[in-house]
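To start, the structure under review is shown below, and the notes come after it.
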Amino acid sequence: MKILITGATGLIGKELVKLLLAKNHSVHYLTTAKSKIANQANYQGFYWNPEEGKIDENCIFRVDVIIHLAGANIAKRWTNAYKQEIIESRTLSGELLFNLIKKHPNHQIKQIISASGTAIYPESFSKVYDESTTETEDSFLSNVVKKWEESVNRFQVLGIKVCKLRTGIVLSNKGGALPEMIKPIKLGVGAGMGSGKQIQSWIHIHDLVALYYLAVEKQLEGIYNAVTPNPVSNQELTKAIAKTLKKPLFLPNIPKFVMQLLLGEMCYLLFSSKNLSAQKITAAGFQFQFPEIEKAINDLYA
Ligand SMILES: NC(=O)c1ccc[n+]([C@@H]2O[C@H](COP(=O)([O-])OP(=O)(O)OC[C@H]3O[C@@H](n4cnc5c(N)ncnc54)[C@H](OP(=O)(O)O)[C@@H]3O)[C@@H](O)[C@H]2O)c1
């Protein structure tokens, strides 16, 4: 199969490309950086600039599936300008692809699988939310997810199956949230956040890319939570990291107002509580390699 990936050069994309190439699929990818364009038999890069509406039209040639991961990183200070970039990098990019495919009715694209976020769900410490939930949260990031998903849903009118993976915190040792949590713990000054009771729905990067693969193989449609069946509290996550690194945790938790002063509105990422079900993806036949937090952290950092 030929798979077109947007955001292929990021944390998840790089791991996904490795898996797809190992399974003998061929990858096209769109990048905003001309310096990242490779031209190999099974791995070919194409330039695009969603903000300027530019795209190399050859990117969809003989493509069967699109995996849409592109988006400005949310872990940077949320200024008004950057908030706009967080939204538009996801919606304008989808729109550009949509218009390109519409222009080429002879395309052979059957499915688009898009990354999505868990921020859309209401805050919860105890109630477990699944994909059928219609209640949503009213926050900046939740609204980003709504617009992002709406822009992907449009592909259905082109006869393309749409699958959205609402992804929890991705655990990797190469980037994302985990290395940032590890730094202070390694230095012996680690601590939980606030009450530490907020629930963090997470997934090991290897499970996540395996889930993308399953979505391609089974041509999944609709929304799926990309989270393990065992979410943990922030305190439990902090403790699991400290245990793996054999570091003590003796400091009191950091109050929310301190992080608010340091990070501004972005401290949402540390304090929001999302308690999500993995039932639907498990029922679709997915088997987690790292369902438990200690096993996942051990794999990445022991
Ligand atoms: N990592 C997580 O914990 C997590 C959790 C939930 C959801 N997600 C979502 O999953 C997707 C992939 O995550 P990731 O962690 O792999 O992200 P990442 O490492 O930040 O990579 C995202 C990629 O998107 C492209 N990009 C960045 N800014 C862009 C812009 N303004 N316009 C178009 N493309 C842009 C970049 O590719 P080029 O430089 O090649 O253009 C970049 O490599 C993201 O949409 C993210 O929000 C991630």
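The values are calculated or read from the model by the stated rules, or taken from the named source; none is laboratory data. Just so it is clear, the structure is predicted and the values come from calculations on it, not from any experiment. Glycine also receives a Cβ, built like all others from the backbone with ideal geometry; neighbour counts cover every protein chain displayed. Only protein heavy atoms, including side chains, enter the accessible area calculation; ligands, DNA and RNA are left aside. Shrake-Rupley method; radii C 1.70, N 1.55, O 1.52, S 1.80 Å.
For the reader, a short list of remarks on this structure follows.
- 5 angstrom amide H check on HIS28, placed H, neighbours 5+ away: ILE3, LEU4, ILE5, GLN44
- The chain shape via C-alpha gyration tensor axes, a/c threshold 1.5: prolate
- Backbone N within region 152-173 under 13 Å of label point (7 Å from LYS23 Cα along the Cβ vector): none
- Three-way shape label, region 176-302, alpha-carbon gyration tensor, a/c 1.5: prolate
- Taking each DSSP H run with n ≥ 4 as -39500 (n - 2.57) and averaging over every residue of the chain yields -11000 deg cm²/dmol at 222 nm.
- DSSP assigns beta bridges within region 21-99; of those with both partners inside it, close to 45 percent run antiparallel.
- Region 86-161 and region 7-65: distance between their alpha carbon centers, rounded to Å: 20 Å
- Split the accessible area of the chain by element, probe 1.4 Å, and carbon with sulfur accounts for 53%.
- The string of couplings for region 275-280 from the Karplus curve (6.51, -1.76, 1.60, θ = phi - 60°) is 10, 10, 8, 10, 4, 5 Hz, one whole number per residue in order, with x for Gly and Pro.
- Three-way shape label, region 208-259, alpha-carbon gyration tensor, a/c 1.5: prolate
- In the full protein context, region 143-302 carries 44 Å² of accessible surface per residue, based on a 1.4 Å probe and ignoring ligands, DNA and RNA.
- Nearest 10 degrees, 0 to 90: helix 177-186 Cα axis against the chain principal axis: 30 degrees
- Rounded to the nearest whole Hz, the Karplus-based 3J(HN,Hα) values (6.51 cos²θ - 1.76 cosθ + 1.60, θ = phi - 60°) of region 285-302 follow the sequence x, 7, 10, 6, 7, 10, x, 10, 4, 5, 5, 5, 5, 4, 4, 7, 10, 5, with x at glycine and proline.
- Other-chain or far-sequence residues with amide H under 5 Å of ILE169's (modelled H): SER201, TRP202, ILE203
- DSSP bridge orientation in the chain - percent antiparallel, rounded to nearest 5: 15 percent
- Taking the average, over residues, of other Cβ atoms within 10 Å as the packing measure, peptides 231-238, 201-208 rank 201-208, 231-238 from highest down.
- Gap separating the Cα centres of region 193-232 and region 268-288, nearest whole Å: 5 Å
- Note that region 68-75 has calculated 3J(HN,Hα) couplings of 9, 10, 4, x, 4, 4, 7, 8 Hz, one per residue in order, obtained from phi through the Karplus relation 6.51 cos²θ - 1.76 cosθ + 1.60 (θ = phi - 60°); glycine and proline are x.
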